[in-house]
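Right, one structure below, let's go through it.
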Amino acid sequence: MLPIERRQQLLKRLKEEGALSIAEISRRLQVSEMTVYRDIKPLLEERVIIKTSGGISLAPISKTSVNTCNYCLKELNSRHPVQIITNDLNVEQLCCPHCGLLRYKDIEKDVSQIICRDFLQNSTISAKMAYYLMDTDFNLNCCQPQVLTFESLKQAEQFQKGFGGVVMRFEEAIDEIQKRMNGAAGCSCEK
Ligand SMILES: [Zn+2]
Ligand SMILES: [Zn+2]
């Protein structure tokens with residue numbers, strides 16, 4: 001059996017049986033304990049599984065996963081995330097302003113704050129106060145149609161001179177994204 005196959009087997013059993021000891025895994029998969037340790041190392045590093053007193057078990061799935069976008073469910077690795085803080089103090093993470101604005105529109109009544117980053121300085125700004133630049137030649141490689149967020153109108157316009165696009169305010173940007181998506185319920189992100 002290949003290591004990858006053993007890992008799949010292992011995950012399947014952990015799912016069905018909960019925790020398993022290393023000795024137990026070694027017996028079932030008919031490999032040495034050394035091999036088991038080697039197999040599980042990457043799974044431990046990726047936090048797919050955790051060590052417990054009895055051996056190992058699957059990592060609990062946290063309710064509000066911080067690793068995926070709350071709107072398009074894509075993995076969060078963007079440099080331009082948006083955060084929404086709800087009235088009951090839940091923090092939602094969105095991959096980019098595109099998803100931030102669409103998510104905001106979905107749960108508008110429950111939103112206490114929506115926060116984004118200034119595109120150039122990476123400083124934290126209130127999304128409602130930000131300037132949005134749409135249709136620039138600069139590609140964030142996230143969701144389409146994309147918008148870039150700026151704290152000051154001056155900087156948005158300077159960026160616009162170099163890369164083109166249209167500057168909008170918060171509400172305008174939401175309307176425009178929704179319009180371009182033809183009222184589709186989902187997100188046009190490439191998943
Ligand atoms: Zn997203
Ligand atoms: Zn995105």
Q | Options L43, L14; residue that is hydrophobic (A, V, I, L, M, F, W, C), surrounded by 16 or more Cβ atoms within 10 Å (Cβ to Cβ) and in contact with a helix residue (DSSP H, G or I) (Cβ under 7 Å, 6 or more places away or on another chain) | A | L43
Q. So how many residues does the range 43-62 have that are assigned to a helix (DSSP H, G or I) and touching a residue at least 24 places away in the same chain (Cβ under 8 Å)?
A. 1
(Q) Among the numbered criteria (1) more than 16 Å from ligand 2 (Cβ to nearest atom); (2) over 17 Å from T149 (Cα atoms); (3) acidic (D, E); (4) in the same structural domain as D135 (by TED's automatic domain parsing), which one does E45 miss? (A) (4)
Q) Looking at the range 14-38, which of its residues are of a type in the set (D, E, K, R) and at pLDDT below 90? A) K15, E16, E17
Q. Regarding Y104, is this residue buried (at least 17 other Cβ atoms within 10 Å of the Cβ) and either touching a Leu at 6+ places or on another chain (Cβ under 8 Å) or modelled with pLDDT under 95 (or both)?
A. no
Q: State yes or no: is R103 within 11 Å of ligand 2 (Cβ to nearest atom) and without any contact (Cβ under 8 Å) to a residue 60 or more places away in the chain?
A: yes
**Q.** Exclusive hit being over 13 Å from the mean Cα position of the chain (by Cα), within 12 Å of ligand 2 (Cβ to nearest atom) and either assigned by TED's automatic domain parsing to the domain that holds E171 or at negative phi (or both), set L89, L94, L140
**A.** L140
Q: Filter the strands (runs of 3 or more DSSP E) completely within the range 86-191 down to those with at least 2 residues that are more than 21 Å from C69 (Cα to Cα) and of a type in the set (A, V, I, L, M).
A: 166-168
Q) Checking T68 against (1) outside the structural domain of I125 (by TED's automatic domain parsing); (2) surrounded by 16 or more Cβ atoms within 10 Å (Cβ to Cβ); (3) within 12 Å of ligand 1 (Cβ to nearest atom), which single condition isn't satisfied? A) (2)
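The values are calculated or read from the model by the stated rules, or taken from the named source; none is laboratory data. Because the structure is predicted, anything quoted here is derived from the model rather than measured. Counting neighbours? That spans all protein chains shown, and the Cβs are built from the backbone with ideal geometry, glycine included.
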